[in-house]
Amino acid sequence: VSLHKPEIKLESLKEDIKDFLKTSGWERKLQNAVYSELNVFPSPCHPAAPPEHMKEPLAYMRKAQGSWEKRILKSLNSMCTELSIPLAQKRPVNEQKELLNKWNEMGTDEPDLSLFRPVYAPKDFLEVLMNLRNPNYENGEQPSFRNHLGLIQVPLKVKDIPELKEEFSELSLNIGQLGIDDSAQVPPEFFENEHVRVGQKVLAEQDSAAAQQYVRQGSPTALRADLWALILNISNQPEDILYYEQLKSNVIQHNLLVDSLIYKDVKLTASNDDYYFVFEDYLYQVLLCFSRDTSVLEHFTYSSATPPKSYIRGKLGMEEYAVFYPPNGVIPFHGFSMYVAPLCFLYHEPSKLYQIFREMYVRFFFRLHSISSHPSGIVSLCLLFETLLQTHLPQLFYHLREIGAQPLRISFKWMVRAFSGYLATDQLLLLWDRILGYNSLEILAVLAAAVFAFRAVNLMEVTSLAAAEAVLADLSTLKVMPLLQIFLFATVT
C-alpha cells in the first residue's frame, strides 16, 4: 500500500523502505527475530561436514544418545503392552465434553495412575552418562585426563575459574546485582531504583539484545515477565493464541499414553511442592498441549536427540506408516513438569505461559536430558561441576569420593532440573535470569559447586552418602547470588 503513494520514488526506494521500517517499528521486530535465531541455532558447520554433525559432532556421543533413546522407547512400549493401552486413541464424545468442561480444574481429577511409572528418573540417566567413553582414548595414556577422578570419564573441554570469571564478568563483586542485599559500596535501594529505571527503558525500546544484557544483573520482579518475553521474542499475537487453542482441541479429541505420564509426574512432583501445588491445573494444560505441538520437532535439527517414531499397527518398519510419537518428539521423564512450574509465577495467561515454556525448552532445557558434547549439555555440566570441585576443593572431593559419596550423585538431580524444586522460587528466578542473560546453562554447574563449597565444613565430617545427602537435603534457604559471587570471585586461584 505504502509503495503506491506518490511521494515514493523508484530511485529512492531503498532509503524509503529503510525509513518506513524504522518509523513503523518493523526494523526492531526484524532485529529481534534475527537475534533470536542467532541465539538458538548453532553457528554453521564446515561445508563438507555431514548433516549429523549439526546435531552432534562426536560419533560416540551420537551412538550413546541413540542407544539411550532405544532404552526409553523399550520402557514406554513395555508399559503399553503390560497395561494393554494404545499409544493414542480418539476420546469418546462424552469424554471430550467432560474434559472441556473441567479444562481449568484438571487437578481435581484423580485417575488411577498406580500402574504407570515414570519412563526414567534422573538417576537412571546418570548411570548412562557414567558409562560414556571415548573409544579413541581407551588404550592411549592421556595423562591430563586420567587425573579426573569424578564419575564422568569423557574428555571434553570445560572452562576453568579464570575463564568462568571472564564469561560471568557481570557477576563480579564490584558490579551491582539484584539478589545481593548487603553490598557495601552502593546502598541496595539506590542500585535497585536505578536498575528498575534502566529496565523500564529497555522495555520501552523493545530490544531483545539489550534485554538479554540487562538481566545478567538480575531482573526486577515487576519487569521480569516482560523482559523474559522480550529476550525470547514472544509477543503472544492473535495467531499465537489461535495456535494454542488448536493444540488444546487436539488434547480434547485424542488421548495419548504420555498424558498419563504427565499426570503422574505432576502428582509426584509439583503437587507436593509448597511453592507450586497451586499451579497444578496450569501444568496439565501446558504439558498436554506441549506433547501435541509438532513445531517442537524443529529443535531436533540442532539437538543430539532424534524424535521417536511409532508405526501404524501391522506396518512396523514401513516408513510411510510412521508417525512421531509423542507428536512433539519429547517423552517426559520424572521431574519434567518442574521446567514449567516456576514460569507459572510470571505468566497467568495460558497461551503466553505456553509459548514462554516452549521457547525455554527448545533453547535450554532439552540439553539437560540429551547426551551431547555441547558446553551447555548435561555431560559438560557434570564434567564442569566435578572439575571445579576437584580443582578448588580437592580435600572435600577426595573425602566424599573415599566414603562412596561422589558429589555428582547428589548434584545431578539439581542440574537436570535447573534447580527447580530445590531453591526458593525468588532465588530460582534470579538464577534463570542469568541462564537467559548469558544464553548458557553453565551457571548451573557453577552453582552446584558453590553449594558444596558453602557446606564444605559440614560435608568434611560426614562418613556416608546418606549423611552427605542429609547435609544438602534442603537448599531452600540458600541465596544464589552471594554463593555464585563468592565461589567465582573470592576463591583464591
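Taken over the stretch 31-97, the convex hull of the Cα atoms encloses 177 Å³ per residue.
For the chain, with every protein chain kept in place, what is the accessible area per residue (1.4 Å probe, Å²)?
For the chain, the solvent-accessible area averages 48 Å² per residue.
For HIS254, the amide hydrogen comes within under 5 Å of the amide hydrogens of ARG91, counting only partners 5 or more places away or on other chains and with H modelled in the peptide plane. Accessible area per residue (1.4 Å probe, heavy atoms of protein chains only) ranks ASP207, ASP259, ASP226 as ASP226, ASP207, ASP259, with the largest value leading.
Grab the Cα-Cα distance for LEU30 and ASP160, subtract it from 0.36 nm times how many residues apart they are, and report the gain in nm with one decimal. Mind dumping the intermediate values first?
Numbers: separation 130, 0.36 × 130 = 46.80 nm, distance 3.67 nm.
Extra length available between LEU30 and ASP160 comes to 43.1 nm.
By how many nm would the segment from THR301 to ILE241 grow when fully extended, if each residue of separation counts as 0.36 nm and the alpha-carbon distance is taken off?
Numbers: separation 60, 0.36 × 60 = 21.60 nm, distance 2.57 nm.
Here the segment from THR301 to ILE241 would lengthen by 19.0 nm.
In bins 10 Å wide, starting from 0, what share of all Cα pairs of the stretch 342-493 does each bin hold, as a percent? Whole-percent P(r) values from 0 Å outward: 11, 40, 35, 12, 3, 0.
Tell me the relative contact order for the chain as a rounded percent, counting alpha carbon contacts under 8 Å between residues six or more apart. Let's see the in-between values first.
Details: 587 pairs, mean separation 101.9, N = 493.
Averaging sequence separation for qualifying contacts and normalising by length gives 21 percent for the chain.
So if we plug the beta-carbon distance of GLU319 and PHE190 into 1/(1 + (r/R0)^6) with R0 = 56 Å, what FRET efficiency do we get, rounded to 0.05?
On the way: r = 64 Å, r/R0 = 1.14.
Efficiency computed from Cβ-Cβ geometry: 0.30.
Each Cα pair under 8 Å and six or more residues apart adds its sequence gap; the mean of these over the residue count of the stretch 374-493 is a relative contact order of 35 percent. Our coupling estimate for the stretch 191-206, obtained by passing each phi through the Karplus curve with A = 6.51, B = -1.76, C = 1.60 and θ = phi - 60°, is 4, 4, 4, 5, 5, 5, 4, 5, x, 5, 5, 4, 5, 4, 6, 6 Hz, Gly and Pro reported as x. For the residue pairs LYS18/LYS159; LYS70/LYS97; LYS74/LYS413; LYS309/LYS479; LYS352/LYS413, the alpha carbons lie more than 32 Å apart in LYS18/LYS159; LYS70/LYS97; LYS309/LYS479.
A 1.4 Å probe, protein heavy atoms only, puts the accessible area of TYR243 near 70 Å². Between ALA490 and SER67, the distance separating the two model label sites (each 7 Å from Cα on the Cα→Cβ line) works out to 4.6 nm.
Dividing the convex hull volume of the alpha-carbon atoms in the chain by its residue count gives 207 Å³ per residue.
Using a 1.4 Å probe on the protein heavy atoms, what percent of the accessible area of the chain belongs to carbon and sulfur?
56
Ligands, DNA and RNA excluded, the heavy atoms of LEU30 present near 90 Å² of accessible surface to a 1.4 Å solvent probe.
In whole percent, what relative contact order does the stretch 250-404 give with Cα contacts below 8 Å and a gap of six or more residues? Display every interim value, and only then the final one.
Details: 150 pairs, mean separation 33.9, N = 155.
Reported as a whole number, the value is 22 percent.
The amide H of ALA88, built 1.01 Å from its N in the peptide plane, has LEU257 as neighbours under 5 Å, considering only residues 5 or more places off or on other chains. Applied to the stretch 81-88, the Karplus parametrisation 6.51 cos²θ - 1.76 cosθ + 1.60 on θ = phi - 60° returns per-residue 3J(HN,Hα) values of 5, 4, 8, 6, 10, x, 4, 8 Hz, with x for Gly and Pro. The shape of the stretch 223-284 comes out oblate: with a ≥ b ≥ c from the C-alpha gyration tensor, a/c is at least 1.5 while a/b does not beat b/c.
The values are calculated or read from the model by the stated rules, or taken from the named source; none is laboratory data. Values in this document were obtained by computation on a predicted structure and should not be read as measured data. For neighbour counting, all protein chains shown are included, and Cβ atoms are generated from backbone atoms with ideal geometry for every residue, glycine included. Ligands, DNA and RNA are stripped out before the accessible areas are found, and what is left, the full protein with its side chains, is counted by its heavy atoms. Shrake-Rupley method; radii C 1.70, N 1.55, O 1.52, S 1.80 Å.
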